[in-house]
Amino acid sequence: QSLLEACHQLSSAGFENYTVLIVGEGTQKPELTHFCEQHHLNQQVHWLGQIPYDQLGQYIQLADVFVLPTLEDTWGMVVLETMILGKPILCSTGAGASELVKDGHNGYRFAPEDPVTLAQHMQHFIENPEIIPDMGQQSQEIMKAYTPTKSGEFLAQITECVLNDLPSQGY
């Protein structure tokens, strides 16, 4: 709902030259499509429905900026996948992955119930498209710290610390 409300904010401010692709299905879709019709957002908002996972990357590549407006998401792997593909992120603080979004560097975070701030961030990208490639590059740089090799090394360090802290069993 907050994404569509942000789109309405943009339209009310005179911004109409943008496209939002919504991936997925849910029980709120009839209500949300009605909201789009009621607020004349059908030119900007396009409903793609459920996309097979193996095709998701193709849609991410089409995007300039990725938005995750979730109310709550334990982690949000799609944020990481999108960052690896070099996209700036607009991420709700309701997603655990929001901790990987560095405001002003690789995107922006916003409260999930705050469509005004989301609209402001969207407007910033619309008015300043030249920042998109650099912010996307920053996303990729952040993700370099999360390779399988680096994750394995980190787990090995944790295991070593735990084992060194165990009391001697006298074996």
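What is the percent carbon and sulfur in the accessible area of the chain, measuring with a 1.4 Å probe over the protein chains and ignoring ligands? The computed percentage sits at 53.
Dividing the summed helix terms, -39500 (n - 2.57) for each DSSP H run of n ≥ 4, by the number of residues in the chain produces a 222 nm estimate of -15000 deg cm²/dmol to the nearest 500. Taking a point 7 Å from the Cα of Asp114 along the Cα-to-Cβ direction, the residues of the range 1-37 with backbone N closer than 15 Å to it are 2-3, 6. Each peptide in 14-26, 72-84 receives the mean, over its residues, of other Cβ atoms within 10 Å, and ordering these scores from highest gives 72-84, 14-26. Each Lys and Arg adds +1 at its Cβ and each Asp and Glu adds -1 at its Cβ; summed about the Cα centre, the chain shows a dipole of about 200 debye. When you work out D = kT/(6 pi eta Rh) for the range 62-116 at 4 °C and 1.567 mPa s, using the Kirkwood radius from C-alpha pairs as Rh and the Stokes-Einstein form, the result is 119 µm²/s. Modelled this way, with points 7 Å down the Cα-to-C-beta line, the labels at Gln28 and Glu141 are 3.5 nm from one another. Placing unit charges on each Cβ (+1 for Lys and Arg, -1 for Asp and Glu) gives the range 29-171 a dipole about its Cα centre, and among Trp75, His40, Thr159 the Cα reaching farthest toward its positive end belongs to Thr159. Quick check: Cα centre of the range 89-149 to Cα centre of the range 1-77, how many Å? First find each Cα centre; the distance between them is then 16 Å. Packing, taken as the mean count of other beta carbons within 10 Å per residue, orders the peptides 152-159, 93-100, 42-49 from highest to lowest as 93-100, 42-49, 152-159. Think of a 1.4 Å ball rolled over the protein heavy atoms: the range 38-139 then has 52 Å² of accessible area per residue.
Candidate values [x] 1, 8, 15, 18, 19, 13, 7, 4, 4, 3, 2, 2, 1, 1, 0; [y] 1, 8, 16, 20, 21, 17, 10, 5, 2, 0, 0; [z] 1, 7, 14, 14, 12, 10, 9, 8, 7, 6, 4, 3, 2, 1, 1, 0, 0 were compared with P(r) over Cα pairs in 5 Å bins from 0, in percent computed on the shown model; the agreeing label is [x]. Computed from label points 7 Å out along Cα-Cβ, the spacing between Asn17 and Ile131 is 1.9 nm.
The values are calculated or read from the model by the stated rules, or taken from the named source; none is laboratory data. Since we're looking at a predicted model, the values are computed, not measured. All Cβ positions, glycine included, derive from the backbone under ideal geometry; neighbour counts span all protein chains shown. Keep in mind that these areas ignore ligands, DNA and RNA; they rest on the heavy atoms of the full protein, side chains included. Shrake-Rupley method; radii C 1.70, N 1.55, O 1.52, S 1.80 Å.
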